[in-house]
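Visitor: There's a structure below that I have some questions on.
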Amino acid sequence: MKQYLLSVHGTHGEPLPEPEAIQQMFADVEKVNEEIRSAGAWVFAGGLTDPSDATVVRVEAGRALTTDGPYAETKEQLGGFWIIKAENLDEALAWAEKATVACGAPVEVRPFQDEPEA
């Protein structure tokens with residue numbers, strides 16, 4: 001089975017939903033998580049903290065430098081993700097549809113590269 005990244009994207013700086021709506025989202029996401037686990041498609045998932053918590057590491061002139069904040073200067077940021085196993089893209093897209101409904105945010109689907117044969 002191929003592995004896919006289902007990444008949740010949100011807009012940084014938008015007001016947060018009411019606490020009740022957030023709790024419902026968490027419950028809905030956990031239902032999807034349980035369904036993914038039950039189907040044997042679960043690999044790993046996680047939510048991320050605010051983009052302002054990010055640290056970027058890059059190499060310049062042979063030295064590693066760190067800077068605070070997200071790498072991308074954009075309002076849309078990665079908020080969380082699932083890594084799943086699926087037979088094909090259509091199956092991964094079906095999981096992404098459930099995920100986007102549950103978390104109320106866009107979900108991007110990308111396959112992992114195939115491992116080179118040794």
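Visitor: Placing unit charges on C-beta atoms (Lys and Arg positive, Asp and Glu negative, everything else neutral), compute the dipole magnitude of the chain about its Cα centre in debye, rounded to 20.
Guide: Value, rounded to 20: 240 debye.
Visitor: On to the next question. What longest range of the chain stays clear of loop-exposed GluC sites (Glu not before Pro) (DSSP non-H/G/I/E/B, at most 13 other C-beta within 10 angstrom)?
Guide: In the chain, the maximal stretch lacking such sites is 1-72.
Visitor: Do you know the Lys pair count in the chain for C-alpha distances under 20 Å, with sequence separation 8 or more or different chains?
Guide: Lysine pair count for the chain: 5.
Visitor: Next question, about the same structure. I'd like the distance between the alpha-carbon centres of segment 1-74 and segment 89-118, rounded to an integer number of Å.
Guide: Distance between centres, Cα-based: 14 Å.
Visitor: Normalising by the residue count of the chain, find the relative contact order in percent from Cα pairs under 8 Å and 6+ residues apart.
Guide: Relative CO of the chain lands at 47 percent.
Visitor: Another question, if that's okay. Put +1 on the Cβ of every Lys and Arg and -1 on every Asp and Glu Cβ in the chain; which of Thr100, Ala86, Phe26 then has its Cα farthest towards the positive end of the dipole?
Guide: Checking the options against the dipole of the chain, the answer is Ala86.
The numbers here are math on the coordinates, done by the rules we state, and not lab data. These numbers come from a predicted model, not from an experiment. All Cβ positions, glycine included, derive from the backbone under ideal geometry; neighbour counts span all protein chains shown.
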